[in-house]
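The values are calculated or read from the model by the stated rules, or taken from the named source; none is laboratory data. Please read these numbers as outputs of a predicted model, since none were measured by experiment. In this analysis, Cβ positions are derived from the backbone assuming ideal geometry, glycine residues included, and neighbour counts consider all displayed protein chains. With ligands, DNA and RNA removed, areas are computed over all heavy atoms of the protein, side chains included. Shrake-Rupley method; radii C 1.70, N 1.55, O 1.52, S 1.80 Å.
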Amino acid sequence: MKSVRIKVYGIVQGVGMRPTVARHASACAVTGYVCNKGPFVEILAQGEEDDVKKFIDKIKYEPPKRSAVLKMDIKEKDPDEKYKTFEIIESSKVEGEIFVSPDIAICDECLSELYDKNDRRYLHPFINCTSCGPRLTILDSLPYDRPRTSMRKFPMCSVCEKEYYDPSSRRYDAQPVCCNDCGPSVYIAGTDIKGEEAIRTARSAVALGKVIAVKGIGGFHLCCDAANDAAVERLRQLKSRPHKPFAVMMKDIDTVRRYCKTDPFKEEILTGHNKPIVLLDKKEGEGVPFLSEKVAPGNPTIGVMLPYAPLHCLIFDYKDDTLVSPVLIMTSGNVSGAPIASTDEEAFSMLSGFCDLILSHDRDINIRTDDSVTDTLDGKLYMIRRSRGYAPLPMMLSKEFKGELVAYGADLKNTFCIAHDNLFYPSSYIGDMEDMRSSEVLKSSVIKMNKLLETDPEYAVCDLHPRYVSSLLAEESGRKIIRVQHHYAHILSCMAENDYTDEVMGIALDGTGFGEDDTIWGGEILRCSLDGFERAGSIAPFDHCGGDLASREGYRIALSMIGSIYKDGSEDVIRVLDLCDLNAFRAISKMIEKKINTVKSTSTGRLFDAVSAILGIRKTSTFEGHAAMELQFAAERNINEPVIPDIEYVRSGSGRKIVATDEIVRFITDERIKGEDPDKLAMTFHLMLAEGAARCALDAAGDIDTFALSGGCFQNKLLLTEVKKRLEKEGKKVLIHSVVPPNDGGVALGQALYGMNKLSKIGG
Ligand code: ZN
Ligand code: ZN
Ligand code: FE
């Protein structure tokens, strides 16, 4: 007989952990007990060795749906007592880490009560229970009790109170519990219209093709009928957002199946309790209902989510005669780059110009949280934006660290990360720092999260970039500063989420980041440990002329590359490719020659933009990654067998290896001039770049056999798969992202890991 004590850490409170454990115990013929200690659940398990092992596996792989098991501490124990049964026992709470739960989408039971005419909460826009409802977004401080949430304004009625204190009720200990009598209420902001009338008014506005703003769980959305071309076009005009895809909310999973291709894993995420936006391939052809092409122009995929707040459900389906489209645009209610609006004031100042009415409510949002966006890869999540439903769930690293810090992240797609010992808490999505409002929110969110986690770090980690707003805020905070290079932080974030802390060869294919040599980096082969990195290689440097303008006008990078590759023959090339007016080319060449507003760059993002322009796919972008995305789509629709030439993919440079991306561009350009199909060449480019990056990293790896792939360009799954395949073919272990984005949204976690390693050393 074997006897073990198990401590389960993570989101284990109020998620039905104890009954689930008891069920597993009886299935495995294990005896003992389970009890709730506050920061963890403690289990004592006795039984035959095989049975105990089976039991542990069951807890690990079949935990309750809404729980998140971060760590299991398993210790063998002398059986001082023999247990005949398995019991759930009540026990005193222990001090220690409490894990703040992310917000949880409406559960099936609440959904059926919502539409049950005989239920107390029939059509109640704020219905919730122990296993669903807002959490992080309504929280002020810990412990998580009603007086410390925005529900404090709404005293429970006697019936709700009874449920709240009754252990057999579905609403036992559910802090946001409320009903039609005692809960918050909805209204049309700036009018006297409220309650049922407000919902009817909003629904009929949507049905009539108007744009409305809706306050949800983590902020406001802008909403209109996605099948109404004119409505979507109007929203694009109002937001001055010509191409960037809008996310949609679909009424239910059957609707999703009608419009999009799904698979069981994608459906599991769509219908799960996090309810992120999931990227799905659009269905084409006969029988697919109409959806405005303007939802995601030129894009074979579409970001889809299911209703996750009861109010969303009521917009689709209500007790009136209005027929609302089963597919609605639900895009973050913000000005491009700014944080999502979370109060009526912000909605009026930011959104009133974009919409016809504002459907709001009086439950305050304490911590704003955008929708998470995820893709999938090989049956796992592949996160694009980690926010609602996931933040602030920590990563728990096995390596022991000591200390506390806050990492301020990057300036684009900013998130921050608070670390405390071996727990790392990446924040919700904040926004782009060039917008003043985002930097204000970064500042206030750091304060709020520190209060929530009861941390007050002495140290701040930030980017090397001297003019990053996030770095300035870190300095202003008065904390001691630790700086980390951007792409090194990308690789560290990938290591952190894989709980891997030994040396790796990092391949960071990214937009732009400040390099240690004052140039722009973004296509880097880095040998990394927790203590530091060595730049073992990079893509071929090119002249980046025109500052930020060149990020929107990728053809400028193409001109610079063509100028340096073809020299005197450049003008012919530009004429044949019809890239631009020759005078413009001459002007740019002059600027590069005189080094006016010109820096050296190894940005892979800009390389993609340039190739997209050379192939005539897209010369200018209206959002970040626009031209690069269309290059990827072109490659993915290619049906011809690509030819991969045998060029010299890696050469020596000064002090590092160079991926011959200039030779790749030359090959692609020559082939295009010969009239080769752009889609085929788009594919060829992906394969050649993957070949070059992988060979360079393999060459530089020495005895390191673990590789880590990070950086925004790895949102491109074609590129990711091709690089990964080549490394695995050589028997290497490849770490990739899953729950943390490969883009700048993940940088803060990497910064935090670097800082914690440093602090632990100072401390020790
Ligand atoms: Zn529920
Ligand atoms: Zn009530
Ligand atoms: Fe980056």
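Taking only C-alpha pairs under 8 Å that are 6+ residues apart, what is the relative contact order of the chain in percent?
Here the relative contact order equals 11 percent.
Across the protein chains, with a 1.4 Å probe defining accessible surface, the residues Thr598, Thr721 rank Thr721, Thr598 from largest area downward.
The distance separating the Cα centre of region 49-77 from that of region 413-458 comes to 32 Å.
Computed from Cα positions, the angle between helix 678-700 and the longest principal axis of the chain comes to roughly 80 degrees.
Each of Ser141, Ser26, Ser470 has its accessible area taken with a 1.4 Å probe; listed largest first, they run Ser26, Ser141, Ser470. Shown are Lys239, Lys283, whose ranking by accessible area with a 1.4 Å probe and every protein chain present, most to least, is Lys283, Lys239. For region 577-628, which chymotrypsin sites (Phe, Trp or Tyr not before Pro) pass both filters: DSSP loop (anything but H, G, I, E, B) and at most 11 other C-beta atoms within 10 Å? Listed in order of number, the matching sites amount to none. Heavy-atom accessible area for Ile447, with the other protein chains in place and a 1.4 Å probe, reaches approximately 120 Å². Remark on Tyr115: its backbone amide H falls under 5 Å from those of Leu123, a criterion applied only to residues 5 or more positions apart or on other chains, H modelled at 1.01 Å from N. With θ taken as phi - 60° and the Karplus curve 6.51 cos²θ - 1.76 cosθ + 1.60 applied, the whole-hertz 3J(HN,Hα) list for region 165-178 is 9, 9, x, 8, 8, 5, 10, 4, 6, 8, 4, x, 4, 6 Hz, x standing for glycine and proline. Among the GluC sites (Glu not before Pro) within region 277-363, those in coil by DSSP and having at most 10 neighbouring Cβ atoms inside 10 Å are Glu284, Glu286. Close amide H pairs (under 5 Å, H built 1.01 Å from N) link Arg135 with Asp103, Ile104, residues at least 5 positions away or on another chain. Think of a 1.4 Å ball rolled over the protein heavy atoms: the chain then has 40 Å² of accessible area per residue. Taking only the Cα atoms of the chain, the radius of gyration and Dmax are 27.1, 89 Å. Given labels modelled 7 Å from the Cα in the Cβ direction, how far is it in nm from Ile253 to Ile74? In this crude spin-label approximation the distance works out to 3.1 nm. In the chain, the longest principal axis of the Cα atoms and the axis of helix 17-27 are about 80 degrees apart. Taking all protein chains as they are arranged and a probe of 1.4 Å, the heavy atoms of Arg651 leave approximately 80 Å² accessible to solvent. Segment Asp499..Ile639, full-extension length gain: 46.5 nm, with 0.36 nm per residue of separation and the alpha-carbon distance subtracted. With contacts taken as Cα pairs under 8 Å at a separation of at least 6 residues, region 64-197 carries a relative contact order of 20 percent. Taking amide H as placed 1.01 Å from N in the peptide plane, the amide H of His544 sits under 5 Å from that of Val599, Lys600, Ser601, each at least 5 places away or on another chain.
The peptide list 304-317, 257-270, 539-552, put in order of mean Cβ contacts within 10 Å with the highest first, becomes 304-317, 539-552, 257-270. Taking the 0 to 90 degree range and rounding to the nearest ten, how far is the long axis of helix 229-239 tilted relative to the main principal axis of the chain, both from C-alpha atoms? Roughly 80 degrees, rounded to the nearest 10.
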